[in-house]
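For reference, the structure is listed below as structure tokens.
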Amino acid sequence: MFEVDKPIARIDQLQSLTVKLRWKDIPLESLHLTDPRQSLMSHHSQGTQHEALVRIAPSDPTTKTPATLNRTDREKLLRKSRFIDPSDAAIIAKSEEWTKDCRTPEEIVTALSENIFRLLNGGTLISETLSGPEVLQCRKGKCSEFAILFASLARAKGIPTRIVLGDRMVNANWIGHMWNEVFIAEEGTDPNVDQQQGRWVVVDSTAKEVGYSSALLKFTHSDSVYGTQPVRWELTNSLEVSIADYSLNKPDSDDSWKTGIDGTIYTNADFGIQISVPNENWKFTPDLKAGQLVLR
């Protein structure tokens, strides 16, 4: 975990975010810096030192970016691996229970994500890594357990699912994070064809996000948890992240609004809000040391 160098008041209002990455020793080909929301703008290296610009533009859940998935990779993303177990009886039963009213892959993915979010109730910071069946039974886990349980359930429903490793912007910090990507084949696609047409959809059940996110910075993906770990350990030793640029969607407020105190009214242009004191006996006082606003 490390601080965001340019804190953003409303992450959910991000229209675009450009991030500069610096690392060493890992070749660019060992990373996966693109996904439906994220694109690699530039990259250069000198010796073992690398620098890249990555642009994140949170996509609309209905956006359909074309992609293909071959039979070999599809089979990898459906099979059992260490921690991910789509063949477990309890996993199969729960996947059927939670998606019994779903008619499309998109509905299935959303239902699984929302139910995991409720089941794990915000998550629990634990030291061990649990398998999908173990998470389902004990109802606890950190982001990796959310991703493992989702992958187990989604694969049980026949949906190819990746494990994704990166960072998530939480308040004013970048925090190591794990989430998923699923492949949604085009409607009517023959399941036996060698090459399926479709699209990748981002799923972060830790935050109950499907199809979009303002806060995720992707480094790599794999069909297994272990497949993401070499990048994790190498980046831990050298990664630097800084915000090069960002833009926010304008809140539904007057363009003339400016953040600050004007007599008895406090305005925050980023959040699009105004707050007034209860009566003339109260006043706003900025606490400069704490960076807070105090009502006295």
| query | Does ASN121 satisfy the condition of being modelled with pLDDT under 95, surrounded by fewer than 22 Cβ atoms within 10 Å (Cβ to Cβ), assigned by TED's automatic domain parsing to the domain that holds PRO66 and closer than 21 Å to PRO58 by Cα? | reply | no
| query | With respect to VAL231, is the statement that it is surrounded by 14 or more Cβ atoms within 10 Å (Cβ to Cβ), out of contact with any Cys (no Cβ under 9 Å at 6 or more places or on another chain), among the β-branched types (Val, Ile, Thr) and in a strand (DSSP E or B) true? | reply | no
| said: Quick test of your reading of the structure: THR72 fulfils all but one of (1) closer than 24 Å to GLN197 by Cα; (2) outside any strand (DSSP E or B); (3) touching a residue at least 40 places away in the same chain (Cβ under 8 Å). Name the failing condition by number. | reply: (3)
| note | Taking first residues from the stretch 14-26 that are under 13 Å from HIS43 (Cα atoms) and in contact (Cβ under 8 Å) with a residue 60 or more places away in the chain and second residues anywhere that are β-branched (Val, Ile, Thr) and not in a strand (DSSP E or B), the pairs with Cβ under 6 Å that are 6 or more apart or on different chains are LYS24/THR48
| message | Just checking, does the stretch 87-108 include any residue being more than 23 Å from THR206 (Cβ to Cβ) and part of a strand (DSSP E or B)? | response | no
| task | Go through (1) without any contact (Cβ under 8 Å) to a residue 40 or more places away in the chain; (2) in contact with a Ser or Thr (Cβ under 8 Å, 6 or more places away or on another chain); (3) surrounded by 19 or more Cβ atoms within 10 Å (Cβ to Cβ) and name the single condition ASN115 misses. | result | (2)
| note | Flagged in the stretch 108-159 as out of contact with any Pro (no Cβ under 8 Å at 6 or more places or on another chain) and β-branched (Val, Ile, Thr), in numbering order, are ILE108, VAL109, THR110, ILE116, THR124, ILE126, THR129, VAL135, ILE148
| Checklist (1) in contact with a strand residue (DSSP E or B) (Cβ under 7 Å, 6 or more places away or on another chain); (2) more than 30 Å from LYS24 (Cβ to Cβ) applied to ALA57, failing item | (2)
| note | Checked LYS24, LYS20 against criteria (in contact with a helix residue (DSSP H, G or I) (Cβ under 6 Å, 6 or more places away or on another chain) and within 19 Å of GLY166 (Cα to Cα)); the one match is LYS24
| request: Kindly provide the set of residues from the stretch 32-48 that are part of a strand (DSSP E or B), out of contact with any helix residue (DSSP H, G or I) (no Cβ under 8 Å at 6 or more places or on another chain), surrounded by 12 or more Cβ atoms within 10 Å (Cβ to Cβ) and not small (Gly, Ala, Ser), ordered by number. | output: GLN38, LEU40, MET41
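Tell me which strands (runs of 3 or more DSSP E) are completely within the stretch 130-205 and hold 3 or more residues being closer than 15 Å to VAL225 by Cβ, or say none if there are none. Before the answer, list the steps.
On the way: elements: 161-170, 173-185, 195-204.
Qualifying strands (runs of 3 or more DSSP E): 161-170, 173-185.
So which of SER95, SER59, SER45 is among the small types (Gly, Ala, Ser) and modelled with pLDDT under 95? Quick ask: steps written out before the conclusion?
Details: SER95 fails: modelled with pLDDT under 95; SER45 fails: modelled with pLDDT under 95.
Of SER95, SER59, SER45, the one residue that is among the small types (Gly, Ala, Ser) and modelled with pLDDT under 95 is SER59.
The values are calculated or read from the model by the stated rules, or taken from the named source; none is laboratory data. Remember, predicted model here, so these are calculated numbers, not experimental data. In this analysis, Cβ positions are derived from the backbone assuming ideal geometry, glycine residues included, and neighbour counts consider all displayed protein chains.
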